[in-house]
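Chemist: Starting off with a structure, shown below.
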Amino acid sequence: MLIVMQSNATNEKIQKVIDFIKEKGFDAHVSKGADHTVIGAVGRKVMDKRDIELLDGVKEVIRITSPYKLISRVFKPEDTIINVNGVKFGGGFSGMIAGPCTVETYDQMDITAKLLSECGVKILRGGAFKPRTSPYSFQGLGEEGLKILREVADKYNMAVTSEVMEVSQIPLFLKYVDILQVGARNMQNFNLLKSLGEIRKPVLLKRGLSATIEEWLMSAEYLLAGGNREVILCERGIRTFEHITRNTLDISAIPVVQKISHLPIVVDPSHATGLRDKVAPMSKAAIAAGADGLIIEVHHSPETAVCDGAQSLYPEQFAELYKELKVLAKVVHKEF
């Protein structure tokens, strides 16, 4: 349930309500808005809301019937804005993340990062641990890949995002990465989500291959329930009967999620389509639909890429697209 405090409620009154909730065996999650402080009481027990309504400073108590609570706009009506290296996601801002699918060599990352930096990109992506369908495919460089990613990013004053695959890797990622990415295959790895809920770094949560929007949002709820409020949702296409594109990009997920949740939602047009010539039109469609950002694969030499070269843009293609997106963003009142 949600406890809405009176606009003039003091910190002491708010703390007493929090203490009362905890004594009853519930977790308390506080959201401070412009006019009111809202306290989310989350737990499996039953509590009579009248006991809370009688507490000093309480305006009203609302029961939440939806399965997701902390990610909902009922709990936090205002957009969550996440700022990473000066790049903002949410609340009228659209951020850009770009880079190759996989960290291959230092030179490969250095060349690509330099070109992206010249375009104005401030967050670099690159996989160090790769969850591949085939056990014989390139699995990534591991920690060495993270080291390269961090070193190159620091050289060009960029932040870093990379995919974490299991709980045991989290301490390693905290040393090198600014945004921890949860891939589509791990969207319902609940042990991983619980552990990531305990850290205080942004998490980019990709939608599962065949996940419904509700299942995706419930995975995000795990992160917020653990205390991590810096969560970015990522629509990356879902598996359908269509086989011409790699996946089917669900553009409708953008406005649907934005109505339900205060969390920012970005789009990955590279994995969604799997085809270089489809990345630009899908990027524009995402921004036109109100996406809070994009994560795009760019490689200085896609034809020699170890993986996903077919969906990676050439730097000159990305530079032109980025210019066009900035113009388009203004039309939909987004700051890119």
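Chemist: Work out the P(r) tail for the chain: percent of alpha carbon pairs separated by more than 36 Å, whole number.
Modeler: 22 percent
Chemist: Remind me, relative contact order of the chain in percent, using alpha carbon pairs under 8 angstrom and six or more residues apart?
Modeler: It rounds to 16 percent for the chain.
Chemist: Follow-up. State to the nearest 20 debye the size of the charge dipole of the chain about its Cα centre, where the only charges are +1 on K and R beta carbons and -1 on D and E beta carbons.
Modeler: 640 debye
Chemist: Now for a separate question. Calculate how steeply helix 276-288 sits against the longest principal axis of the alpha-carbon atoms of the chain, using the helix alpha-carbon long axis, and give the answer as 0 to 90 degrees to the nearest 10.
Modeler: 30 degrees
Chemist: Now for a separate question. Averaging over every viewing direction, what projected area does the convex hull of the Cα atoms of the stretch 2-62 cover, in nm²?
Modeler: So the mean shadow area of the Cα hull is 3.6 nm².
Chemist: So how long is each side of the stretch 59-193 along the principal axes, counting just the alpha-carbon atoms, biggest first, in Å?
Modeler: Here the Cα extents, ordered largest to smallest, are 59, 36, 23 Å.
Chemist: Next up: So if we plug the beta-carbon distance of Asp35 and Lys259 into 1/(1 + (r/R0)^6) with R0 = 22 Å, what FRET efficiency do we get, rounded to 0.05?
Modeler: Approximately 0.55, to the nearest 0.05.
Chemist: Contour minus end-to-end for Thr10 and Leu54, with contour as 0.36 nm per residue of separation and end-to-end as the Cα-Cα distance?
Modeler: 14.2 nm
Chemist: Between Ser66 and Glu78, what length in nm is gained on full extension when 0.36 nm per residue of separation is reduced by their alpha carbon distance?
Modeler: Extending this stretch completely gives an extra 2.5 nm.
Chemist: Toward the positive end of the charge dipole of the chain, about the Cα centre and with charges on Cβ (Lys, Arg +1; Asp, Glu -1), which of Leu115, Ser312, Ile260 goes farthest?
Modeler: Farthest along the dipole direction, towards plus: Ile260.
Chemist: I've got another one for you. Pop out the ³J(HN,Hα) list for the stretch 210-216 in order, Karplus 6.51 cos²θ - 1.76 cosθ + 1.60 with θ = phi - 60°, rounded to Hz; leave Gly and Pro as x.
Modeler: Once rounded to whole Hz, the list reads 10, 7, 6, 4, 5, 4, 4.
Chemist: Right, next: At q = 0.14, 0.18 Å⁻¹, what log₁₀ I(q)/I(0) does the stretch 202-328 have when each alpha carbon counts as one equal point scatterer in the Debye sum?
Modeler: -0.62, -0.97
Chemist: Continuing with the same structure: Quick one: which residues, 5+ away or cross-chain, put their amide H under 5 Å from the amide H of Ser162? H built at 1.01 Å from N.
Modeler: Result for Ser162 returns Ile179, Gln181.
Chemist: In terms of modelled amide H atoms, which long-range or inter-chain residues lie less than 5 Å from the amide H of Gly95?
Modeler: Here the answer is Gly90, Gly293, Leu294, since their amide H atoms fall under 5 Å of that of Gly95.
We did not get these values from a lab; they are worked out from the coordinates using the rules stated. Here the structure is a predicted model, which is why all the values come from computation and not from measurement. Neighbour counts are summed over all protein chains in view; Cβ atoms, including those assigned to glycine, are modelled from backbone coordinates with ideal geometry.
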